[in-house]
Each structure stands twice: as C-alpha cells, then as structure tokens.
Amino acid sequence: MKYLTTILLLISVTIFAQNKITGKQIIQNVYDRDTGTEVEGQLKMTLTNKSGNQRVRELKQYIKDFGDVEKKIMYFIKPADVKNTSFMNWSYSDDKASNKADDQWIYLPALKKVKRISSDSKSDYFMGSDFTYDDLGDRKPSDDVHKLLREEKLNGEDCYVVESTPKEEDYMYSKTITWIVKDKWIGLQKKFYDEDEDFLKTLSIKKYKEIDGIITMLKTTMENDQNKHGTTMEFSEVKINKGVKDNLFSERMMKRGMK
C-alpha cells in the first residue's frame with residue numbers, strides 16, 4: 001500500500017508540473033490578447049518633473065490591425081509648441097522566420113520633414129516623456145527569455161510575476177519584471193532595469209475597463225526612479241472597431257496633420 005501511495009504521489013506531482021503554466025506561455029497570452037482591430041481616441045499626456053511642475057499635451061491616436069502588421073499614428077494637438085508633431089509605428093506579426101523589428105517615424109513641423117527612427121535611437125525618450133521609442137513599439141515574446149517567478153496579489157488582483165531577459169546583448173534594459181492579471185492577461189505593472197541592472201522605472205496601469213468586449217487601458221503612468229520624472233497617459237473618447245481608414249498611416253498624413 002505504501003508503494004502504491006508513493007507511485008500515485010509521483011504521478012500527481014508529474015501531472016501538476018506538466019500542467020503548470022510557464023513564463024513564456026503567460027507572455028504569449030498577453031501578446032495574443034484581443035485589443036480590437038480598430039481603435040481611436042484622445043490622449044492626454046502629463047509630464048511631471050521632480051519639483052512637481054507639470055506640462056500637459058493633448059493628442060489624437062489611431063490604431064489599425066492589418067493582420068501581418070499593426071499600424072499606429074499619434075498627432076499632437078496642444079499646446080502650440082508641439083502642435084502638428086506626429087509619430088507613427090508599424091509593428092509586425094511575431095513571425096519567427098523574419099522577426100522583423102518595428103518601423104517608426106516622427107514628423108517635426110519646424111523641420112517640415114519626416115524622420116525615420118533608427119535602431120540606435122529607439123532608446124531615446126519620446127517628446128520629453130518617460131517612454132522610449134522602443135516602449136511605444138511592440139515587444140515580441142520571442143525577443144526575450146521568460147521566467148515565472150511567483151504568483152501574488154497586486155491591487156487586489158491575482159497576478160503572475162514574470163521576469164523577461166532580452167536575448168539581444170546590447171538591449172537598453174537588462175530585464176523587466178511584469179505583474180500579469182490571471183485570466184485577463186494584462187500587464188498591471190512592469191518594472192524596468194537599466195543596462196547596469198539597476199532599477200530604472202515602473203509602468204503601472206491605473207485604470208482599465210471593458211469597452212465593446214475589449215479590455216482597454218484608460219490610464220497608465222511611467223515613473224522614472226532615477227531622475228524622479230513621471231509621465232501619465234489618459235485615454236478617452238475611445239472607439240473600438242468603429243472604422244479607421246486605411247490611408248491614415250502614411251508619411252503624407254503625418255505631414256498633413258489633424259485638419
């Protein structure tokens with residue numbers, strides 16, 4: 001009887017180990033989560049320095065998934081010093097055969113020129129915010145090695161905690177640690193560590209809700225621990241799958257701006 005009990009225990013442990021979700025599967029679930037085929041809305045970007053002084057910027061954002069590529073464009077509307085500046089990002093599907101990196105462009109009215117963001121510039125911060133150009137793109141699950149560290153609650157939500165280490169040796173972050181809400185597959189919080197493995201900044205989802213069946217992030221913050229600067233992004237007047245024109249996502253439209 002004792003021998004049989006031991007065998008059954010070993011079988012149970014083996015089955016549990018086989019069924020236990022991995023860090024890679026968790027991140028893949030986040031990547032595959034339905035975010036809507038077409039999304040548009042207003043963005044309010046608030047920049048706060050270490051003295052508490054704030055600058056507020058208003059933007060219009062459009063996103064459309066074309067299947068093999070997701071395109072995003074943002075137009076600055078206010079204030080006057082950034083009006084008509086625009087940014088565009090094309091994120092390609094996670095095709096391991098090509099693994100193509102994001103294409104990004106920025107249009108600066110003062111120069112009257114669309115500038116392509118080079119791979120060397122993706123660690124630069126976007127328009128004085130705490131988001132790098134790379135942060136605004138689409139990090140693919142295959143770009144990192146993922147390890148499930150533990151399970152714990154964050155803000156009352158049951159989360160998986162996953163550490164992601166880049167395969168690329170000279171990537172701007174040495175690792176990230178993400179708190180992912182179980183079953184909803186959203187990253188509730190993400191901590192970034194710089195190239196020296198020192199803690200750098202935290203991305204937090206402060207507010208989200210389901211809109212037309214899609215879980216949508218309505219308020220996020222990025223807090224830089226090293227320079228005590230913060231950026232808040234608030235998404236409003238959101239429309240999902242209501243129709244976004246294909247021709248919005250071009251250099252010509254970046255130059256044209258919001259009319």
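The values are calculated or read from the model by the stated rules, or taken from the named source; none is laboratory data. The structure presented is a predicted model; accordingly, all values stated were derived computationally and were not measured. All Cβ positions, even for glycine, are placed from backbone atoms using ideal geometry, and neighbour counts span all protein chains on display.
Brief remarks follow.
- Flag for D130 being buried (at least 19 other Cβ atoms within 10 Å of the Cβ), closer than 27 Å to N227 by Cα and either within 14 Å of the chain's Cα centre (by Cα) or modelled with pLDDT under 95 (or both): yes
- Taken as a whole, the condition of being charged (D, E, K, R), in contact (Cβ under 8 Å) with a residue 12 or more places away in the chain and surrounded by 17 or more Cβ atoms within 10 Å (Cβ to Cβ) does not apply to K219.
- Single residue of segment 144-163 satisfying the filter (touching a residue at least 40 places away in the same chain (Cβ under 8 Å) and of a type outside the set (A, V, I, L, M)) that is farthest from I21 (Cα to Cα): D144
Residue by residue, here is whether (1) part of a strand (DSSP E or B); (2) touching a residue at least 24 places away in the same chain (Cβ under 8 Å); (3) in contact with a Phe, Trp or Tyr (Cβ under 6 Å, 6 or more places away or on another chain); (4) of a type outside the set (V, I, T) holds:
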residue	(1), (2), (3), (4)
Q226	no, yes, no, yes
T231	yes, yes, no, no
S236	yes, yes, no, yes
N247	no, no, no, yes
R252	no, no, no, yes
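- Residue within segment 206-217 that is at pLDDT 95 or above, within 15 Å of T35 (Cα to Cα), touching a Lys or Arg at 6+ places or on another chain (Cβ under 7 Å) and of a type outside the set (A, V, I, L, M, F, W, C) present: yes
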